[in-house]
1. Evaluate the stretch B:479-497: report whether one residue or more is more than 22 Å from B:SER83 (Cα to Cα) and of a type in the set (Phe, Trp, Tyr).
2. Is it the case that the stretch B:220-241 has a residue that's more than 14 Å from every other protein chain (Cβ to nearest Cβ) and not hydrophobic (A, V, I, L, M, F, W, C)?
3. Determine which member of the set A:LEU47, A:LEU7 is of a type in the set (A, V, I, L, M, F, W, C) and closer than 21 Å to B:ILE429 by Cβ.
4. Output yes when any residue across the stretch B:229-237 is among the small types (Gly, Ala, Ser) and in a loop (DSSP other than H, G, I, E, B), and no when none is.
5. Which one of these does B:ARG171 not meet: (1) buried (at least 24 other Cβ atoms within 10 Å of the Cβ); (2) within 16 Å of B:ARG76 (Cα to Cα)?
6. Residue check, B:ALA350 against (1) closer than 17 Å to B:TYR407 by Cα; (2) touching a Lys or Arg at 6+ places or on another chain (Cβ under 7 Å), all met but one. Which one?
7. Kindly indicate the residue of the stretch B:381-397 that is crowded, with 24+ Cβ neighbours inside 10 Å and touching a residue at least 40 places away in the same chain (Cβ under 8 Å) and also farthest from B:GLY187 (Cα to Cα) among those meeting that condition.
8. Can you tell me which residue is farthest from the chain's Cα centre (by Cα) among those in the stretch B:484-520 that are under 11 Å from B:ILE32 (Cα atoms) and in contact (Cβ under 8 Å) with a residue 40 or more places away in the chain?
Amino acid sequence: MDIQIKLFATLREGRGKIVTKEFPPAATPRQVIETLQISEEDVAILLVNGQDGSLDQELHDQDVLSIFPPVGGG
Amino acid sequence: MKGYRGKILRINLDDRSVVKEDLNMEWAKSYIGGRGLGTKYFYEEVDPKVDAFSKENKIIMATGPLSGTPTPTGGRYMVITKSPLTDTIASSNSGGRWGAELKFCGYDMVILEGKADKPVYIDIRDDEVEIKDAAHLWGQTTSKTMELLAKDVGEKAKILNIGPAGEKLSRIAAVMNDMDRAAGRSGVGAVMGSKNVKAITVKGSSKPEIHDMAQLKQVVAAANKSIKENGVTGEGLPTYGTAVLVNIINENGVFPTNNFQTSTFDKAEEISGENLAENYLVKRTGCYGCPIACGRHCKVDDLEAGGPEYETIWGYGADCGVSNLGNIIKANYWCNEMGLDTISASTTIAAAMELYQRGLITDQDLDGVPLQFGNDDAIIEWTKRMGLREGLGDKLAEGSFRLGEAYGASDVSMSVKKQELPAYDPRGIQGQGLAYATSNRGGCHVRAYLISPEILGLPEKLDKFSTEGKPLWVKIFQDLTASIDSLGLCLFTSFAMGAGDYANMYNAAVGTDHTDETILEAGDRIWNLERMFNMKSGLKKEDDTLPKRLLKEAIPDGPAKDKTSLLDQMLPEYYELRGWDTDGVPTEDKLNSLKI
């Protein structure tokens, strides 16, 4: 299945803004970040299709992941 | 108590008298300094029903006990007055270096009373305080004013001033300092303008005494380590500034677009912090004593200027439907030059765009610069006209509520207590909605930044769509923020520090014995005093609300589709937690327990 991964801030370095990759059925965001060589501690905000996600939830074909490192402002 | 300078400068502009008073240390123990202590003085001295532009209103520039000390971000000050925008207490916070320099002059705060008979500026050099003629400064933009003043008072003096917007009594005018820092909100610049005071310059030569310098160095080292190791304050903010939020908030579907008509902006990437860093950033800048340095200095065409911040990028960007980041930088520059609050100025233009969309403002009103959403020239031109009150700019200078009212459509104003909301749609962030509705100065994100737990997951991740537990979170954030603002530190330190860390710094610098609990209690006291001022000025429970659109019209699309604010589900619990009656009035028991 195809998963689109949108990367932000420092996570773009060496990886680009948007990556689309094929994963086996029922893959999880944890597998996605391992594939992209992103450490767990660098994942501060994880959204799946714009909703709060978790590293171990089951993904589906055409899901969109948005991954942010620790950032803030105001 | 150390840390404080123990002196107030009271300047009466009617008779031009200058009095140096002892600081009321009993009040300082209860209200800390800055926002809290300034509000206590204001509450005791000014009738809450006063007209904000009358000479009976006062304006206070107040530092905290940690301003000008070696603590991280210890350079902040507050401007306290009655707001001409909201009719509430106004307390606007600013960084830069002016606040620390006032402390170096030997004063904790300056109180301006009365009204000068002609434009003046105030020159403070330690004990020497002069009220000087400002005829040559009146009408000048902020940068020109600072350039001219530097010739008068020397390059090393720190300068606080207003721009043309403050002189012309725009209800959304800011007090500017150190060129591009702003005590932006609630029209504080217009109160200064109403008193004919163009600027206050400060040049001091002594630092505040510290109770236990060895202890302070130790706690400051620990605080700096926390700030450096924290992902937000150690890397995110320094690298991208506040603008890094553009993509985060947009990806969550709570990035208000076209005056909150939608909440996902399809061109967010073009105005993102990442794009700003890649294509416009010249250098990072920091305020006095700041290890974070979130400030930006950007260049577009031949213009190089401070900013823009996240809120500004959102206001001129998504909220006006504009994706031209270069023009947003230019609009931000003109906003600062005019001395306008960037949140209120940009979102008032967004409200005007909706009035144009509805056909209430027509091309006849616009002198060749149409106000349709997405017009990236309009944001620059209308900012200038707003600052100078030219044409329709005269109505824009009154803020979005009064602008809408002039067309019989105040519902176009996305504001709370007539102050424009910032860059987070509360329909999809329930706690932030309660924080907006109950803010003591009207629509504001920095009275309680619930974005931290609801979006960023700090200190823990909350479900942004749920109302459960949010009233307590809002109360705690409001109380802690009130104390941080009163100590003289930047709110951004709270990404890496907790109430106990602030207590440790305060104790080492001043010699108090605060704990995390008493720091929060002081914040509660300050919050209730502000509330009492507002109640006496005439505000009611009905004012603790949100614009009808956010309560009744669901977000039409995106990740937060179908959400509205569930404010009514949270407000009663919030009042109860605060110790207020069902009308939102602090009870006698509550006031007695806080010794108000």
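1. Within the stretch B:479-497, one or more residues are more than 22 Å from B:SER83 (Cα to Cα) and of a type in the set (Phe, Trp, Tyr).
2. Within the stretch B:220-241, one or more residues are more than 14 Å from every other protein chain (Cβ to nearest Cβ) and not hydrophobic (A, V, I, L, M, F, W, C).
3. Answer to the selection: A:LEU47.
4. No, the conditions are met nowhere in the stretch B:229-237.
5. With (1) buried (at least 24 other Cβ atoms within 10 Å of the Cβ); (2) within 16 Å of B:ARG76 (Cα to Cα) applied to B:ARG171, the lone miss is (2).
6. Condition not satisfied by B:ALA350: (2).
7. Out of the qualifying residues, it is B:THR383.
8. B:THR512
The values are calculated or read from the model by the stated rules, or taken from the named source; none is laboratory data. In this text, all values refer to a predicted model and were calculated from it rather than measured experimentally. Glycine also receives a Cβ, built like all others from the backbone with ideal geometry; neighbour counts cover every protein chain displayed.
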